[in-house]
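The block underneath contains the structure these notes are about, expressed in structure tokens.
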Amino acid sequence: MKINVMTDILEADNRIAAVNQGTFDQHSILVINLMSSPGSGKTTLLERTAEALRGKLRLGVITGDIETTIDSERLEGFQLPVIQLTTGSPCHLDANMIASALPHLDLNQIDILVIENVGNLVCPAEFKVGEDYKVVMLSIPEGHEKPLKYPLMFRESALLLINKIDLLQYTNFNLEEARRNATKVNPDIEIIEMSCTAGQGIEPWVSWLVERYQRKMGKQRSA
């Protein structure tokens, strides 16, 4: 007898993710599942996002790591509501983990919630957590071939952030090839080039967030 364990796990996760999404919709929150390899720049992106959104929309973060609270401690310095999830060994966040964090957040005080997933280009793409959009970040040192090597991550994402473009001249990363590879895997994916440390590309990223938030609010009002 064959037992498809992965199918059962994903089905259970999808059910909890749907409940999470209902909670987020009830509180009119746009939810982004931010994924990448370790060290691509997700936390720095969130720091810049917090600065750019201040006075416009209220940002909250759930951040995931296998160990430590380093990322949440960094983000707390920006006066954000932040919850740190440490998985111990799982290489991704799942819907049940997110559900366990929600009672510790005042959802009435959040407009955009970013779930900073565990650094990994494989597992996080398989699990829904209740997000509106998945976003993947790829940094220049990782190489332009990654969309072809890890296609599910890019296929599932609405937006690709190509970070650390200030390092482009020091690598053999081919920006146009990266774009071609990403759109080959996902013809609908949007792409923003950026350098979080230099502040480049933050404005179009924040505009993307604001536009998606307004779009969601518009759909809810017309429903």
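Being charged (D, E, K, R) and at pLDDT 95 or above is the filter here, so list the residues in the range 124-147 that pass it.
LYS128, GLU131, ASP132, LYS134, GLU142, GLU145, LYS146, listed by residue number.
For ASP94, the conditions (1) among the charged types (D, E, K, R); (2) within 17 Å of the chain's Cα centre (by Cα); (3) closer than 24 Å to GLU211 by Cβ are fulfilled apart from (3). Of the residues making up the range 60-83, those that are among the hydrophobic types (A, V, I, L, M, F, W, C) and either under 15 Å from ILE112 (Cα atoms) or surrounded by 14 or more Cβ atoms within 10 Å (Cβ to Cβ) (or both) are VAL61, ILE62, ILE66, LEU75, PHE78, LEU80, VAL82, ILE83.
The values are calculated or read from the model by the stated rules, or taken from the named source; none is laboratory data. Predicted model only: the values in this text are computed from it and were never measured. With ideal geometry, Cβ positions are generated from the backbone for all residues, glycine too; neighbour counts draw on all protein chains shown.
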